[in-house]
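Notes for the one structure printed next.
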Amino acid sequence: MGVLEALAAVSRYIPAVEKPARRPPLPTRLAWTGIVVLLYLIMSEIPLLGVLGYQQQASQALASLILGMNIGSLMTLGIGPIVTAGIVLEVLVGGGLIQMDLTKSRDRKIFMGAQRTLALL
């Protein structure tokens, strides 16, 4: 068993969101979108404990504006690890360091499981 298969095996114990049986109605989707936007705005203002405060320089302020997050807030821990895990695995597969064919369902399932596990690490 390779490293990716081991990571994919661990991902079976990570909770996942199931696809709904039917598509939710538009008012329900809009309500959930509003709730998520509100949570995003609240979480972007809550500082992380243990992270030293700092004065934003012009380049850091520009990066915060472009990335849409306050560095040192709860949003720093938001989607960043998930995106980073996906990018690292995509680069390894694209560069040929990991031999996978993502058009095959088995390889894609292993890839997604490994990505979920790496996001937690």
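List of remarks:
- Among the residues of this structure, residue 83 does not count as one that is modelled with pLDDT of 90 or more and within 30 Å of residue 3 (Cβ to Cβ).
Yes or no, residue by residue, for (1) among the polar types (S, T, N, Q); (2) surrounded by 11 or more Cβ atoms within 10 Å (Cβ to Cβ); (3) modelled with pLDDT of 80 or more; (4) in contact with a helix residue (DSSP H, G or I) (Cβ under 6 Å, 6 or more places away or on another chain):
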| residue | (1), (2), (3), (4) |
| --- | --- |
| 6 | no, yes, yes, no |
| 13 | no, no, yes, no |
| 33 | yes, no, yes, no |
| 39 | no, yes, yes, no |
| 93 | no, yes, yes, no |
| 110 | no, yes, yes, yes |
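The values are calculated or read from the model by the stated rules, or taken from the named source; none is laboratory data. Model, not experiment: these values are computed from the prediction. Cβ coordinates were reconstructed from backbone atoms using ideal geometry, including for glycine residues, and neighbour counts include every protein chain displayed.
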